[in-house]
1. Pairs under 7 Å by beta carbon, first residue touching a residue at least 60 places away in the same chain (Cβ under 8 Å) in the range 129-147, partner of a type in the set (Gly, Ala, Ser), six or more apart or different chains?
2. Applying the selection to the range 18-70, what residues are of a type in the set (A, V, I, L, M, F, W, C), at pLDDT 95 or above, assigned to a strand (DSSP E or B) and farther than 16 Å from residue 111 by Cα?
3. Of all residues in the range 8-46, count the ones that are closer than 23 Å to residue 94 by Cα and surrounded by fewer than 11 Cβ atoms within 10 Å (Cβ to Cβ).
4. Consider residue 128 against the criteria (1) at positive phi; (2) crowded, with 18+ Cβ neighbours inside 10 Å: it satisfies all of them except one. Which criterion is unmet?
Amino acid sequence: MNILKTSLHDVMIVETTAFCDERGLFARLYCENELAEIIGKRRIVQINHSRTHAVGAVRGLHYQQPPHAEMKLVRCLKGRVWDLAIDLRANSPTFLQWHAEELSSDNARMLVIPEGCAHGFQVLEPDSELLYLHTTAYQPTAEGGVAYNDPALNIDWPLPITELSQRDRHRALIGTDFLGICL
């Protein structure tokens, strides 16, 4: 596994190599030893899977409030997505900045999104599937979200947005007085 830094503080990309032969492929999706510098003392406690049918659909931008803040490791198992992390950490040098990566089943990349960052993605190929590794179990009362079209973030989505959940459609704008998440 190869760990790459991004433009956002503590947001990283993990590259993996698939071993291919006439039977198909084999790839290691997670290795505690190789990812120890990222994971630290955290543990993976929940694994989620999503499938999104429509090209242009957006899921997100979601996060968990402290004390239930979570690190997410996100990998595309099928199709292609434009995966996005937004830094909402009050004391971060990259506060309110975002970084996006194309994740696909072909490029075998995983985006590491630390606590205090919101996550979302836009589907680039139909029936795209993501695998999420979480360091904290989901707590409905700790759920937070950011509007996909918040002018304070100026996100340049690669495609017109075709689908959005009712909940994500009505997220509040963070605005200029947003003080961030204190971890």
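1. 129/50; 129/79; 130/50; 136/69; 146/118; 147/172
2. The one that is of a type in the set (A, V, I, L, M, F, W, C), at pLDDT 95 or above, assigned to a strand (DSSP E or B) and farther than 16 Å from residue 111 by Cα: 58.
3. 2
4. Exception for residue 128: condition (1).
For every residue, the table says whether it meets (1) crowded, with 23+ Cβ neighbours inside 10 Å; (2) free of Cβ contacts under 8 Å to residues at least 40 places away in the same chain.
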site: 59; (1), (2): no, no
site: 63; (1), (2): yes, no
site: 69; (1), (2): no, no
site: 73; (1), (2): no, no
site: 79; (1), (2): no, no
site: 93; (1), (2): no, no
site: 98; (1), (2): no, no
site: 102; (1), (2): no, yes
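Table: residues versus (1) surrounded by fewer than 12 Cβ atoms within 10 Å (Cβ to Cβ); (2) in contact with a Lys or Arg (Cβ under 6 Å, 6 or more places away or on another chain); (3) within 16 Å of residue 56 (Cα to Cα); (4) not aromatic (Phe, Trp, Tyr).
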| position | (1), (2), (3), (4) |
| --- | --- |
| 137 | yes, no, no, yes |
| 153 | no, no, no, yes |
| 164 | no, no, yes, yes |
| 174 | no, no, no, yes |
| 177 | yes, no, no, yes |
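The values are calculated or read from the model by the stated rules, or taken from the named source; none is laboratory data. This is a predicted model, so every value here is computed, not measured. Note: ideal-geometry Cβ built from the backbone for every residue, glycine included; neighbour counts use all protein chains shown.
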